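Here the structure is laid out as structure tokens; the discussion comes afterwards.
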Amino acid sequence: MIEATGAQEDTLSVSVGAQLERLTDRLVVEYADTAPAEEVRGLVEAAVVDLGEPRVLTYVPVLVDRAVRAELRQRPAELRS
């Protein structure tokens with residue numbers, strides 16, 4: 001396995017952070033009729049925390065996206081529209 005250097009880890013962290021910001025913005029827009037923006041942001045933050053400190057950062061945005069969408073889909077129908 002190839003280990004990332006400190007500089008590479010920093011670059012990956014910034015990249016993942018930027019991806020999570022874009023993901024959050026997309027989810028806020030997509031679920032605007034379903035959930036308040038602050039709630040969506042909170043779900044994104046909770047999903048990131050739930051992942052802990054993953055060794056591979058590449059998949060963090062995808063895993064967060066899936067977790068937040070699953071959470072929002074579980075809402076009762078009357079709260080979704």
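Mind running the shape call on segment 14-78? Use the C-alpha gyration tensor, a ≥ b ≥ c as the square roots of the eigenvalues: rounded below 1.5 for a/c, prolate if a/b tops b/c, oblate otherwise.
Judged from the Cα gyration tensor, segment 14-78 comes out prolate (a/c at least 1.5, a/b above b/c).
Taking H placed 1.01 Å from N in the peptide plane, check which residues at least 5 places from residue 35 or on another chain put their amide H under 5 Å from its amide H.
Result for residue 35 returns nothing.
For residue 32 and residue 13 in one chain, what is 0.36 nm times their gap in residues minus the Cα-Cα distance, to one decimal in nm?
Numbers: separation 19, 0.36 × 19 = 6.84 nm, distance 2.78 nm.
In short, 4.1 nm is gained.
Round to the nearest 0.05 the FRET efficiency obtained for residue 49 and residue 71 when R0 = 22 Å and r is the Cβ-Cβ distance. Provide the component values of the computation, followed by the final result.
Numbers: r = 13 Å, r/R0 = 0.61.
Computed FRET efficiency for residue 49 and residue 71: 0.95.
Using the Karplus equation 6.51 cos²θ - 1.76 cosθ + 1.60 (θ = phi - 60°), what ³J(HN,Hα) coupling, rounded to whole Hz, does each residue of segment 55-64 give in order, writing x for Gly and Pro?
Karplus-based 3J(HN,Hα) across segment 55-64 equals 6, 10, 7, 3, 9, 4, x, 5, 5, 5 Hz.
Read-outs: derived from the displayed coordinates by stated rules, not from any lab. Just so you know, these numbers come straight off a predicted model, no measurement behind them. A quick note on method: Cβ atoms are made from the backbone with ideal geometry, for glycine too, and the neighbour counts reach across all protein chains shown.
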